[in-house]
Ligand SMILES: NC(=O)c1ccc[n+]([C@@H]2O[C@H](COP(=O)([O-])OP(=O)(O)OC[C@H]3O[C@@H](n4cnc5c(N)ncnc54)[C@H](O)[C@@H]3O)[C@@H](O)[C@H]2O)c1
């Protein structure tokens, strides 16, 4: 029996969720709620009932699950509407636009015991899952240093949606949040951050570029570079070939280095010496790690169906999504205030 799922928000990623739902025999897209005229055509195309009010849709269709793909600031209100009705939901990242809103949702979710999965789909990608496993089993030795990049050139039309260029949107919350979530998943929690942010090219209220330093709870250090206005193949979406609407341009976007070996992601090469007593004057052996070939978004949807069916707990719970958000908001604060910010300070 397939699970009846509704979509709340049928914009850029919402439409992709509709395509994924149509292709998955375990799920059926039964309704779409959106306030824009254009979404009526999407509902027609996918054979789903159309609603302008999400609560009306939830009460009328009583779905088994909901996917929330609204602008960031509307996630919590929609997720609360699902939780109040005991409907499991997949809420797109970030879980909320502010930490207060995220905390409010986490409290409601944990009180109600309704499963909420946050849409950090990269955790469902085989390279990210394998990297986490390699670090956990000590294949790199003690993790020392990490570098991550997310740089690409978004077109002007992308910013016609006002929420993307206003506080609560912006590439820290829309894009770098995925990298922060991946690094937390692979390397463990981040305790402290420092950052420079810049809006020199686009002149929006939100940043277009950032450089970030982080200290992990394990003691390892990391740096991240982010820009949505720079031509570059150095971003996980195009590098991994796992994203839905970008060309695949094989590259690496993360580099991890430990006392025994280094790992590049998503290319998945491990670099190590042949013997334990070798050092920088000896050549490194490069070993490629073969992955299972599965797809991040498909895996995410199958996982969500497992969650609906009670076969799995959300891989990214509301609380976990809140911790990723707190780390990103610490970066924004560090950039604004030009100082080191701890994640615990953000969480009060
Ligand atoms: N995980 C990913 O790969 C990924 C990719 C892109 C976007 N996202 C996230 O998904 C969310 C949506 O992003 P997008 O780029 O698709 O945005 P978008 O602006 O293209 O789409 C948002 C949709 O929500 C609709 N909407 C606005 N207010 C509404 C309301 N009150 N009720 C119902 N519908 C309403 C809009 O009409 C629009 O169709 C964002 O939170 C973004 O961060 C995630």
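For residue 256, work out the one condition from (1) touching a helix residue (DSSP H, G or I) at 6+ places or on another chain (Cβ under 8 Å); (2) surrounded by fewer than 21 Cβ atoms within 10 Å (Cβ to Cβ) it doesn't fulfil.
Going through the list (1) touching a helix residue (DSSP H, G or I) at 6+ places or on another chain (Cβ under 8 Å); (2) surrounded by fewer than 21 Cβ atoms within 10 Å (Cβ to Cβ), residue 256 breaks only (2).
Starting from the range 15-28, take each residue that is touching a residue at least 60 places away in the same chain (Cβ under 8 Å) and at negative phi and list its partners that are in a loop (DSSP other than H, G, I, E, B) and surrounded by fewer than 18 Cβ atoms within 10 Å (Cβ to Cβ), counting only C-beta distances under 6 angstrom and pairs at least six apart or across chains.
Every condition considered, the pairs that remain are 16/244; 26/2; 27/2.
Please state which of the following conditions residue 263 fails to meet, knowing it meets all the rest: (1) away from the ligand (no atom under 16 Å from the Cβ); (2) buried (at least 19 other Cβ atoms within 10 Å of the Cβ); (3) closer than 30 Å to residue 166 by Cα.
Residue 263 satisfies every listed condition except (3).
Listed residues 87, 95; which is part of a loop (DSSP other than H, G, I, E, B), within 13 Å of the ligand (Cβ to nearest atom) and under 18 Å from residue 304 (Cβ atoms)?
Residue meeting the stated conditions: 95.
Please verify whether the range 188-197 includes one or more residues that are surrounded by fewer than 16 Cβ atoms within 10 Å (Cβ to Cβ), in a helix (DSSP H, G or I) and not assigned by TED's automatic domain parsing to the domain that holds residue 73.
No, the range 188-197 contains no residue that is surrounded by fewer than 16 Cβ atoms within 10 Å (Cβ to Cβ), in a helix (DSSP H, G or I) and not assigned by TED's automatic domain parsing to the domain that holds residue 73.
If we keep just the residues of the range 36-56 that are near the ligand (Cβ under 9 Å from one of its atoms) and modelled with pLDDT of 95 or more, which is surrounded by the most Cβ atoms within 10 Å (Cβ to Cβ)?
Out of the qualifying residues, it is 54.
From the residues in the range 290-326 that are in contact with a helix residue (DSSP H, G or I) (Cβ under 6 Å, 6 or more places away or on another chain) and more than 26 Å from residue 104 (Cα to Cα), which one is surrounded by the fewest Cβ atoms within 10 Å (Cβ to Cβ)?
292
Considering each of 208, 237, 269 in turn, give the residue that is crowded, with 19+ Cβ neighbours inside 10 Å and in contact with a strand residue (DSSP E or B) (Cβ under 6 Å, 6 or more places away or on another chain).
Result: 208 is the single residue among 208, 237, 269 that is crowded, with 19+ Cβ neighbours inside 10 Å and in contact with a strand residue (DSSP E or B) (Cβ under 6 Å, 6 or more places away or on another chain).
The values are calculated or read from the model by the stated rules, or taken from the named source; none is laboratory data. The model shown is predicted, which means the values in this text are computed figures rather than measured ones. Ideal geometry is used to build each Cβ from the backbone, glycine not excepted, and the neighbour counts take in all protein chains shown.
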